[in-house]
């Protein structure tokens, strides 16, 4: 498995548009934080400890029955390649810090990524398309079961899995769902909902980490508590809240549609026009338009655009990807031009190939 | 801004040092801050960071000024033998340095976890199979030891000897499992 495939391969596992409630929940992610006994945590360890942790984790995984793990040391990857991994959500920005001795092991379909020497020694991450909390957890859990046989996990009878940050202690599990909530955002209901969810022990963020701004109306909902509750219960609580958000979003969409259909379709089609014909496309505008077109497809207003293309564009519109695709470093303005070209091309290619299919 | 020390990672902790010559301020990253002796948390950074959360809950007063003064007099607390982290430093940076920190600060942690995890202080989820086994072996050893003491008190010395052998065998088993925690000693 070449690194090129990961970097330039068209669509990574979680971008495919399927799974339950995939019109609203774009992806589901489970992350398990684990550490090894006998080594200090990355915040305090030496380069030698880092090397040993890396070696143990990599050896265990590369010798497992699951074939096709690709192993990459962050320090050996060009910075653009690291950025692309971050933009695909396969590694965290923190891992790419070359001083961290970070590495990642990726499964062939990129569903699974195991980060080594991030904030914790090991972080098992599993991303599934759509709303699949149980499936994603079972997958991550099976990798964890395998690793616990090979590696001396730091575990305590009282505190559970020992992690560097006390906010992960216990299960070490962070479960999150990435949700597209345009109607709740347009109607400003999201501003009331976020504090309510926070009181239930969950966190809501914009899709790229902290901060309240949610580019493209995409929000990440995840559990805050990791101690005192079994994994299954945490997942059930999160599922419950996500289901309520989904129902809320659907209701708001219906209301929008019934109250202002013309104004709404006008807005959504204009956005389709922008991404289909723009010659300069800044990332903020691209994210906003993609959200509109996605909503248009979900509502049946926009018919001949494939959702998976939108998912792909959402990833490809980011700076790292654009430059990878261009094969060179680009200035901000060059990126906007390039982004516009890419969008036009992808949206056109798709309509053409559909036309071809109809002819056949 | 990058860290004053390594100039590689972004600075997230402000380190202030007061001396007769005045106050010096250094901006450090998490890692360098951890390695330095003393530091202050920057209250203007990430409004809801874990450090701030912990410092506010356990550092004393709510407002920043008196809060900083009270920190000066706050004792360092126990020091982790493995990574030299003191309890006070743990509250400052909001991170443990190694698995042993949990043992070092064990008595103080329920309060910290209670605030972070909605009142929960004890793990209720998955347990690694090896720990599960070890845990049950330890429990068994405890049970046999009680029986052994009973036997001794009732002067059934042969029974006691047999029980002792049983304990020793189980202990050997624990060592073989490589629990490494040094808690296998039931003597």
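A short reminder: the numbers here are calculations on the coordinates, not readings from a lab. Just so it is clear, the structure is predicted and the values come from calculations on it, not from any experiment. A quick note on method: Cβ atoms are made from the backbone with ideal geometry, for glycine too, and the neighbour counts reach across all protein chains shown.
Assorted remarks:
- Extension reserve of the residue A:63-residue A:263 stretch, reckoned as 0.36 nm per residue once the Cα distance is removed: 66.2 nm
- Modelled FRET efficiency - R0 41 Å, residue A:199 with residue B:165, Cβ distances, 0.05 increments: 0.10
- Listed residues A:311, A:240, A:217, most fluctuating in chain A (Gaussian network, C-alpha, under 10 Å): A:240
- For the stretch A:252-303 versus the stretch A:117-180, the gap between their alpha-carbon centres in whole angstrom: 37 Å
- For A:37, A:270, order by how many other beta-carbon atoms lie within 10 Å, fewest first: A:270, A:37
- Dimensions of the stretch A:235-321 based on its C-alpha atoms, expressed as ranges along the principal axes with the largest first, amount to 43, 35, 21 Å.
- Fewest-first ranking of A:126, B:6, using other Cβ atoms within 10 Å as the exposure measure: B:6, A:126
- A Förster distance of 35 Å, applied to the separation of the beta-carbon atoms of residue A:192 and residue B:147, puts the FRET efficiency at 0.05.
- Inter-probe distance in nm under a simple model that places probes 7 Å from Cα toward Cβ, at residue B:124 and residue A:46: 4.2 nm
- Extension gain from residue A:250 to residue A:80, taking 0.36 nm per residue of separation minus the Cα-Cα distance: 57.3 nm
- Efficiency of FRET between residue B:139 and residue A:308 - r from beta-carbon atoms, R0 41 angstrom, step 0.05: 0.15
- Pairwise alpha-carbon distances in the stretch A:100-232 exceed 23 Å for 41% of all pairs.
- The GNM of chain A, with springs linking C-alpha atoms under 10 angstrom apart, assigns the highest mean-square fluctuation among A:54, A:145, A:23 to A:145.
- Cut-off 20 Å, label 7 Å out along Cα→Cβ of residue B:7, residues of the stretch A:85-129 by amide N: A:97-100
- Ascending count of other beta-carbon atoms within 10 Å, so fewest first, for A:27, A:265, A:22: A:265, A:22, A:27
- Segment residue A:279-residue A:333, length gained on full extension (0.36 nm per residue, minus Cα span): 18.4 nm
- For chain A, the spread of Cα positions along each principal axis, largest first, Å: 64, 46, 40
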